[in-house]
Each structure stands twice: as C-alpha cells, then as structure tokens.
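Quick notes on the structure that follows.
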Amino acid sequence: RATAAMGEAPEPSPQAPLAVLSKVELRVSCKHLLDRDTLNKSDPCVLLLMQSQGQWMEVDRSEIIKSNLNPVFAKIFTVDYYFEEVQKLRFEVYDSHGHAGVGTHDDDFLGGMECTVGQIVAQKRVTKPLFLKYGKFAGKSTITVISEEISGNNGYVELAFRAKKLDDKDLFSKSDPFLEIYRIDDDRSEQLVYRTEVVKNNLSPIWEPFKVSLNSLCSCEEKRKLRVRKGDGDTHPCPRSTCPPASPRPRMGASRGASRLPQAAAVPRCRRARPAEPPDPSRDMLVALLAVGGPLPPPPPQVAIDFTASNGDPRNSCSLHYINPYQPNEYLKALVAVGEICQDYDSDKKFSALGFGARIPPKYEVSHDFAINFNPDNDECEGIQGVVDSYQSCLPKIQLYGPTNVAPIISKVARVAANEERTKEASQYFILLILTDGVVTDMADTREAIVRASYLPMSIIIVGVGNADFTDMQILDGDDGVLRSPKGEPVLRDIVQFVPFREFKNASPTALAKCVLAEVPKQVVEYYSYKAFPPRCPQPDTPDSNLSSPQ
C-alpha cells in the first residue's frame, strides 16, 4: 500500500536496479507516547515508509502492542542499503483500534519522524522526538531506531520452545504466557530478537516454531548469550527477571541457573534448534569484510576545487565560477549532489575543502593546495553548506591563474592516509573529490601520485566541469586499461572514478551522485583485501617525490 500524507499514492515507475551494498536491520522502540485511549493506554504500531520519486511508499509495519506507552517492537525491519543514494525514511506511530487497518483515518496518529538510512547506519542508534502534523511536538514522545548491517555469513535457525507448570498469574483463569528472546550485546545492552505468540489459558504451553536470522539472534557469534523472559498475555512487556541468560544452543534456557528461580516457577525449554537454511557463500564480499574492520561508509570526501584561469573571470556570466543568484553553477551542483549524500555518514559533518591553481592573499603567490576558508591550520568546513559558503566567500579574494596541477592535492591527501594507516591501522578510508574544468598540466606527476595512492586507504573522484577535452581524465580513470606511472609501474588497484558533469546537466542530482559514488564500495573492498600486504608508510612530512610503494 502506498501512502502520502495519510492518503493513497500511485506506484512509482520502475527504475533501473542498483547494486545493493548491503541489507540493514532496523529495530524500533518508543518512549512516552501520547495516550489517546479513554479507558486503556494506547495500542501502538509503527509503519515504515520510504520516499520514492517524491512519494512516501509503505515498506513494512510492526506488530500492535496492547496498552503500552513505552513499546519495544519485536518486528525487525529490513531495508536494502545503497551508499550512493539518499534514502529517506519515515516512521509513523499509530494507536490502533483493531477494527480497521493500521494507518487509516480511524487510528490516532501518535507522531512521526524522518531520517535517512545513511544517518542510521552511521550513528548505529538514532533517538529523535516524534512530531505531529504541522511540526508540533508529540509531547515528550521519542522514537529510537537501532541499525545493524547483516553480516556475510548470515543464515537462519529454527527454534521451538515449550514450558511446563508455569505460575498461574490470573485470578479467574490460567495464565496466557508468551516469551521474549533478547540478545545480549558486547556493551551488556539487550536487543529484543523475537516475541512469541500468546498461548491462551495454558500453564504448559508449546509455542509455534519460528525462524530467526543468525545475525538477529546472535550477530553470527555462536557463543553469544541470550536472555529469555516469560510474560503473561494480559501485560506488556513481560517481566524483566523471569529467566536467566542462556546459550543459543538446543539446551537454551534449560536447567542452568534454574535453582535461583522461585520453586514454583518453571524455565522454558528450547525443544528444537536447527539451521533453517544453509548460509549463502555467494553473499556480498563487502559485507563479509566488515567483520575485519573495513570502515563503511567512508567519511565525507576531501574537496579540491579548480581555480585556474581557464574557468573564466568569476565576474563574467560565462565563467564556470560565476555566482548566479538564481541558479547554482556546475561546481556547486556537483559539490552539493555528492556532499549531501556523504555528510550523513559523519557525526560532525565536517568537510576538508581545498583549492588549487590560484594566486592567493596576502602575497598572491600561486598555490595548488590552499584552504578555501583561508585557515591553514584547519581547512574543515561545517557541513556541505559550510563548503558552499567558503567557496563563494573566497572567489572575490583570489586571482584565478594556473596551471592545472593535480598531483600536489593527491599527494597531500595520500600523506594523511599513509599516516592514518601507520598509526591507526587504516581505521579510516579517505575520498578525494576533485572538481576541475580542463586538461591536467602535470599528467606525469599525477599518474605517479595515483600509483602511490593506490596502496593507501583512499579513492579519488574527478568530476569534469564544462566542455573541455577530458581525454586525460579518462586515462586516469583506468577503465580502458591499467593506469601506470611514467616508469611503467601499474596501480595496485583502480582508485579513480571520472565523471563528466555535462552528461548529467539535465539529470537529477541523485543521478550524478549515484554515478560518482558507484565504484567507491568496490574500491574499499579491494583495499582491505590487499591490506594483508601493507605499504611502507611515509612520515606525514615526507616530500611528495618520496612516497614509496610496498616492498
């Protein structure tokens, strides 16, 4: 069902499929929900919607939890994750009345929250306030979304539980028991994995078998402990101290620790635990590499902007750097398209922004790696808007000059990446985004710098602005053959992606970003597959010409 502002929306036209980077599981809980019912508390349910072509499309919905203003939903939402795309999500919480489908006008809207998949993946845990219509706060209501990327070895296990001689918690009838299975994480927090059905009026219940992914159950770690809690169907959630931690094996929840329970209590036993399906060996290699520390996604790119005279006088409307008050120039379009996607993956959203090919104050000497905020000690800008502001502010202060030397910028970022690898075992991966209008002047030095950089945790994205001949850029890309240094040494891996902006003039910013970022995940994978043979890392102050490849 498609929804848009509580109404129906048409199905979007099909698009060309993208390569799924990975799948992400989302767990949802709420606190301090509004109480819309007169006699009882609200019966909340969460709807997950994703924006597609401007329309909100329902992806999935949670179970309904009866009479609870602080629900922890057992439903695990699974979404495909595309690094190169802004995937907008909306979580809507409703008080369900049961006689109609959730999300209809008969349900009371308890609040909504919007974010992106990238924000949740980067932060792992996102807590935000819920809002009613017209931006009004829904009291003190909050929603928490926890993300976890599905590992490459993920399979499924089938579990079946039973219990005997449970305590009778009801006055006029027998208890209505159910179970909740929690995973105990490394930080000792607990994540709800599954909530069984309620077995009515039964003190020796047998619950229906169920399947759960190994990723959800134990993060694919066989020895990870679980906690099983019993509850009565008349109350939600179930008590917190009804069953001791247990191992995810067939003896889960058995006699271990049972002596600590009241004598009248009974421990639920796992009557069957078996693989539901074999692991798929063909799963995405990238996801498997996450287990050994491959950082995904990378931080926001380091931006390098071409300020050579071939761009034209910025005061002239024909210049590629002309600031039109009604429409951004090509540099700004490319910068914003890529930056808005990447900034979701960094908590402080700071971009390193450099310029090259201009004469800069105070002496107006040519520089090929200056900070566009004119702060040599800190070239970072606050978010993509900070880069835009610094770019527009620096244009009147500099003199566009030349030549178009790219090697100094590449070598500067390579030194930072080399130092990162030496001191922190490459826990960070770097992206250099170069925006340029013309032919590279120092082609030989640039090829040499790229060959050296191919051993380091970094990728280079080049966006060609304007209508110049970009043949040299296509050579650097290496799609038509292996790039080599002037001495004939090949790159260890392809780290350059070139995209001419003119091919996307009439396309959406999203289309440009998808193309620009498409090869980055593969490049990250290739780097970590080669990491067993680390390069000899130069010191941060090593001259460019001394950057050396592995022995």
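Before moving on, here are some points about what is shown:
- As a rough guide to protection, the peptides 198-206, 483-491, 56-64, 128-136 ranked by mean Cβ packing within 10 Å, highest first, stand as 56-64, 198-206, 483-491, 128-136.
- Taking every Cα-Cα distance in the stretch 26-72 and sorting them into 10 Å bins starting at zero, the pair-distance distribution P(r) comes out as 25, 42, 25, 7, 0 percent.
- Centre-to-centre, using Cα atoms only, the stretch 40-63 and the stretch 441-461 are separated by 46 Å.
- Computing FRET efficiency as 1/(1 + (r/R0)^6) for residue 133 and residue 324, where r is the C-beta to C-beta distance and R0 is 35 Å, gives about 0.45.
- Spin-label model, residue 474/residue 363: points 7 Å from Cα along the beta carbon direction are separated by 4.1 nm.
- Cα point-scatterer Debye curve for the stretch 22-149, base-10 log of I(q)/I(0) at q = 0.15, 0.21 Å⁻¹: -0.66, -1.26
- With a 1.4 Å probe rolled over the protein heavy atoms of all chains, the accessible area of 401, 455 falls in the order 401, 455, largest first.
- Loop GluC sites (Glu not before Pro), the stretch 167-212 (other Cβ atoms within 10 Å of the site Cβ: 13 or fewer; DSSP): 197
- Stretching residue 377 away from residue 530 to a fully extended chain increases their span by 51.8 nm, per 0.36 nm per residue minus the current alpha-carbon distance.
- Heavy atoms of residue 470: accessible area, 1.4 Å probe, square angstrom to 10: 10
- Selection of GluC sites (Glu not before Pro), the stretch 396-478, meeting DSSP coil and at most 14 other Cβ within 10 Å: 425
- Averaged over its residues, the stretch 286-531 has an accessible area of 41 Å² per residue, based on protein heavy atoms and a 1.4 Å probe.
- Length-normalised contact order of the stretch 378-495 in % [C-alpha pairs under 8 Å, at least 6 apart]: 25
- For peptides 42-49, 493-500, 523-530, sequence by mean Cβ density within 10 Å, most packed first: 42-49, 493-500, 523-530
- For residue 36, the solvent-accessible surface computed with a 1.4 Å probe is close to 100 Å², ligands and nucleic acids excluded.
- Solvent-accessible surface ranking, highest first, for 50, 473 at 1.4 angstrom: 50, 473
- Packing around the peptides 158-168, 407-417, taken as the average count of other Cβ atoms within 10 Å per residue, puts them in this order, highest first: 407-417, 158-168.
- Remark: the stretch 485-492, residue by residue, has Karplus-estimated 3J(HN,Hα) of 6, x, 8, x, 6, x, 5, 5 Hz, where x stands for each Gly or Pro and the curve is 6.51 cos²θ - 1.76 cosθ + 1.60 at θ = phi - 60°.
- The convex hull defined by the C-alpha atoms of the stretch 286-531 has an orientation-averaged projected area of 13.1 nm².
- Simple point charges give the picture: +1 on the Cβ of Lys and Arg, -1 on the Cβ of Asp and Glu, and for the stretch 286-531 a dipole about the Cα centre of about 120 debye.
- Among 364, 317, 341 - extreme Cα towards positive end, dipole of the stretch 286-531, charges at beta-carbon: 364
- The residues of the stretch 22-149 present an accessible area of 44 Å² per residue when probed at 1.4 Å with all protein chains retained.
The values are calculated or read from the model by the stated rules, or taken from the named source; none is laboratory data. The shown structure was predicted, so the numbers you read here are calculated from the model rather than taken from an experiment. With ideal geometry, Cβ positions are generated from the backbone for all residues, glycine too; neighbour counts draw on all protein chains shown. Ligands, DNA and RNA are stripped out before the accessible areas are found, and what is left, the full protein with its side chains, is counted by its heavy atoms. Shrake-Rupley method; radii C 1.70, N 1.55, O 1.52, S 1.80 Å.
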